[in-house]
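Q: Have a look at the structure that comes next, please.
The values are calculated or read from the model by the stated rules, or taken from the named source; none is laboratory data. Given the structure is predicted, the values throughout are model-derived calculations rather than measurements. Cβ coordinates were reconstructed from backbone atoms using ideal geometry, including for glycine residues, and neighbour counts include every protein chain displayed.
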Amino acid sequence: MKNAEIVIIGGGVIGASVAYHLTKRGAKKVFILERESGQGKGSTGKATGGVRAQFETDINIKMSLYSIDFFENWDFDCEYEPRGYLFFATDERQFDYLKRNVRFQKSLGVKDVEIVDTKTIAEICPILNVSDIVGGTFGGRDGFINPLAVMNGFTTKALERGAKIEFETQAFSIETVGGKVVAIETNKGRIECGKVVLATGAWARELAKTAEIDLPVAPQKRQIVWAQSPSKLPENLPMVIDIGSGFHFRPARDFIDKSANDDNTEVLFAYPDPNEQSSLDTNFDESFIEKVYEKAKHRSPFLFETRVIKEKCRAGLYENTPDHHAIIGDCEIENLYFANGFSGHGVMHSPATGRALSEIILDGKASFLDVSCLRLERFAKGELLHETAFI
C-alpha cells in the first residue's frame, strides 16, 4: 500500500499540466498514474497541435488567451508557431456568425483577428477554391504547437519539483468514505490519498461511476488523413476551416521524425464525420479516406491530387460533453476533482486548465480566471454553454 497527498489519474497533457501547476505552488506528494508504459500514447499523442483564440464563448476565449501567452513565453520550447487560423463561410448566415465572433473576441482582448473578404482568403490560402466563399476570419496569433513537447515540458518541471509518475498503473476505482475520497484501487494495489484529480480523457466516465458520480463525457473517434503533395505547400499555410462542414486542413508536422517536415509537402486534412458513433475504437478506418477526398475535390484540387501516406493516418479520441465545453472543478464528493471533456481543445487549453484546477485544489477557487461556469453541476442546473465551431 502506498499513500500520496494528491493523485492525478492520467499522465497526458492535462494531468501533466495539473502536476506542473500544483508543484509550482509547492504541493508535495503529487503522484501521476499513467496506465500505459509511457506518456503520450493516448489522445495527447494523437492530437494535431492546433491552438486558437477564435471561439464563441467567453470562457474558451479567455482560456485560449492565457494559454497562447503561456506557449509563447514559456521557458520550455513547445514549438509554438503562429501560422494563423482561417475560418471561411459559404453563405451570409455563416459569415454573420463569424463577424459577430470577431467583434466579441476583440472586446475580450484578442489581437490580430480580422474579418477577411474572398480576395484576401485567396491570398492567404492560394490552394483554396474560393468560388463559393463569401468571406471569413483570420487570427494571426492562432497556430500550432507540439503536443508532446507541451506534455513533456509540464512533466519534466513537475518531476524536478518532487512529483512522481508511475507507468503501467491503471486505476480501477475511487474509494470514498462518508462522501470523501480516501483511496484509489489500482492494478498495483491500493493508494491512500487526500485528493484525486480525474484526468483520464475519454475513459473518465466509467472511473467516475465508481465514486457514484455521473460524468457526462462520451468518447468519439476522430480520424485524420495524412498525405503528401507532389509540390510544396504554400509558404506559411495556416489552419484552414470550413465553418459549415468542419472540413479542415493544415501543414502536417511529424513530432517524432522532425526531418520529415523539411520539404513542406505533407498535409493533414479531416472533418467531423456526423455518422461516427460514440466508442473507444482507435483503429483508423480506411473508408474515411474516400470521404475526406470527396470534400477536398471541390474545395481544393491541390489537396485532391495528394497521395495518402496510410502509415501516418491515425484515429484518436475526443472526450465530448453535451455542450462541448470542459468540466473543470470539484463535485459533491469531497476532494474529487475533474479536468475532462475538452471536446478536442485539451492540448490548447492545458496551461489554463492546470493553473485553474491547481488553484481550486489549493485555494478553493481559481483566482486568475473564473472557471465556475465549467463545473460539473451546470448540467444538472441546465446551464449549458454553446460553441458552434466544434471541429
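Q: Considering only residues that are within 16 Å of the chain's Cα centre (by Cα) and of a type in the set (A, V, I, L, M, F, W, C), which ones fall in the stretch 139-180?
A: Once the filter is applied, which keeps residues that are within 16 Å of the chain's Cα centre (by Cα) and of a type in the set (A, V, I, L, M, F, W, C), the stretch 139-180 yields Phe144, Ile145, Leu148, Ala149, Val150, Met151, Phe154.
Q: For residues in the stretch 1-49 being polar (S, T, N, Q) and part of a loop (DSSP other than H, G, I, E, B), which is nearest to His345 (Cα to Cα)?
A: Thr48
Q: Would you please name the residue that is farthest from Ser17 (Cα to Cα), looking only at residues in the stretch 194-252 that are part of a strand (DSSP E or B) and among the polar types (S, T, N, Q)?
A: Gln228
Q: Now for a separate question. Starting from residues that are assigned to a loop (DSSP other than H, G, I, E, B) and among the small types (Gly, Ala, Ser), keep the ones in the stretch 167-182 and report whichever is nearest to Glu334 (Cα to Cα). First the steps, then the outcome.
A: Our first condition is that a residue be assigned to a loop (DSSP other than H, G, I, E, B); within the stretch 167-182, this holds for 167-170, 178-179.
Going one step further and asking which of them are among the small types (Gly, Ala, Ser), we end up with 178-179.
On the way: Gly178: 9, Gly179: 6 Å.
This residue is Gly179.
Q: Tell me, please, whether a residue that is out of contact with any Pro (no Cβ under 7 Å at 6 or more places or on another chain), modelled with pLDDT under 95 and not aliphatic (A, V, I, L, M) can be found in the stretch 61-75.
A: Yes, the stretch 61-75 has at least one match.
Q: So which residues in the stretch 197-241 are small (Gly, Ala, Ser) and at negative phi, if there are any at all?
A: Ala199, Ala202, Ala204, Ala208, Ala211, Ala218, Ala227, Ser229, Ser231
Here is a yes/no grid of residues against (1) on the phi > 0 side of the Ramachandran plot; (2) free of Cβ contacts under 8 Å to residues at least 60 places away in the same chain:
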| residue | (1), (2) |
| --- | --- |
| Ile61 | no, yes |
| Ile68 | no, no |
| Asp75 | no, yes |
| Asp91 | no, no |
| Asp96 | no, yes |
| Arg103 | no, yes |
| Glu123 | no, yes |
| Gly135 | yes, yes |
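Q: Which ranges mark the strands (runs of 3 or more DSSP E) fully within the stretch 57-166 that have 2 or more residues being crowded, with 23+ Cβ neighbours inside 10 Å and touching a strand residue (DSSP E or B) at 6+ places or on another chain (Cβ under 6 Å)?
A: Qualifying strands (runs of 3 or more DSSP E): 85-89, 135-139.
Q: Now a separate question. Would you point out the residue of the stretch 282-304, among those that are more than 19 Å from Ile241 (Cα to Cα) and touching a residue at least 60 places away in the same chain (Cβ under 8 Å), that is surrounded by the most Cβ atoms within 10 Å (Cβ to Cβ)?
A: Phe284
Q: Within the stretch 357-390, can you find the residues that are in contact with a strand residue (DSSP E or B) (Cβ under 6 Å, 6 or more places away or on another chain) and not in a helix (DSSP H, G or I)?
A: Val371, Arg375, Leu376 - these are the residues of the stretch 357-390 that are in contact with a strand residue (DSSP E or B) (Cβ under 6 Å, 6 or more places away or on another chain) and not in a helix (DSSP H, G or I).
Q: Can you give me the number of residues within the stretch 20-42 that are at pLDDT below 95 and either assigned by TED's automatic domain parsing to the domain that holds Lys312 or farther than 30 Å from Val240 by Cβ (or both)?
A: The qualifying residues number 1.
Q: Out of all the residues in the stretch 345-354, is one or more at pLDDT 95 or above and over 16 Å from the mean Cα position of the chain (by Cα)?
A: Among the residues of the stretch 345-354, not one is at pLDDT 95 or above and over 16 Å from the mean Cα position of the chain (by Cα), which makes the answer no.
Q: Right, another one. Taking interchain pairs and intrachain pairs at least six residues apart, which have beta carbon atoms under 6 angstrom, with the first residue in the stretch 335-349 and surrounded by 24 or more Cβ atoms within 10 Å (Cβ to Cβ) and the second assigned to a loop (DSSP other than H, G, I, E, B) and of a type in the set (A, V, I, L, M)?
A: Within 6 Å, the pairs are Ala339/Ala199; Asn340/Val217; Gly341/Val217; Gly341/Ala326; Phe342/Ala326; Val347/Ala47.
Q: Take the conditions in the same structural domain as Arg35 (by TED's automatic domain parsing) and out of contact with any Gly (no Cβ under 8 Å at 6 or more places or on another chain) and apply them to Leu198. Does it pass? Full working, then the answer.
A: Details: in the same structural domain as Arg35 (by TED's automatic domain parsing): yes; out of contact with any Gly (no Cβ under 8 Å at 6 or more places or on another chain): no.
No: the conditions fail for Leu198.
Q: So, one more: Need the failing condition index for Val7 against (1) surrounded by fewer than 24 Cβ atoms within 10 Å (Cβ to Cβ); (2) over 20 Å from Val150 (Cβ atoms); (3) modelled with pLDDT of 95 or more, just the number.
A: Status for Val7: all satisfied but (1).
Q: Then there's this: Among the residues of the stretch 230-240, are any of a type in the set (A, V, I, L, M), under 23 Å from Phe342 (Cα atoms) and in the same structural domain as Gly15 (by TED's automatic domain parsing)?
A: No, the stretch 230-240 contains no residue that is of a type in the set (A, V, I, L, M), under 23 Å from Phe342 (Cα atoms) and in the same structural domain as Gly15 (by TED's automatic domain parsing).
Results for (1) surrounded by 17 or more Cβ atoms within 10 Å (Cβ to Cβ); (2) assigned by TED's automatic domain parsing to the domain that holds Phe95; (3) farther than 23 Å from Thr321 by Cα, shown as yes or no for each residue.
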{"site": "Gly179", "(1), (2), (3)": "no, no, yes"}
{"site": "Cys193", "(1), (2), (3)": "yes, no, yes"}
{"site": "Thr210", "(1), (2), (3)": "no, no, no"}
{"site": "Ser245", "(1), (2), (3)": "no, yes, no"}
{"site": "Asp254", "(1), (2), (3)": "no, yes, yes"}
{"site": "Asp263", "(1), (2), (3)": "no, yes, yes"}
{"site": "Glu266", "(1), (2), (3)": "yes, yes, yes"}
{"site": "Tyr271", "(1), (2), (3)": "yes, yes, no"}
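Q: Which of the residues spanning the stretch 167-177 are surrounded by fewer than 15 Cβ atoms within 10 Å (Cβ to Cβ) and among the charged types (D, E, K, R)?
A: Within the stretch 167-177, the subset surrounded by fewer than 15 Cβ atoms within 10 Å (Cβ to Cβ) is 167-168, 172, 177.
Listed by number, the list holds a single entry, Glu168.
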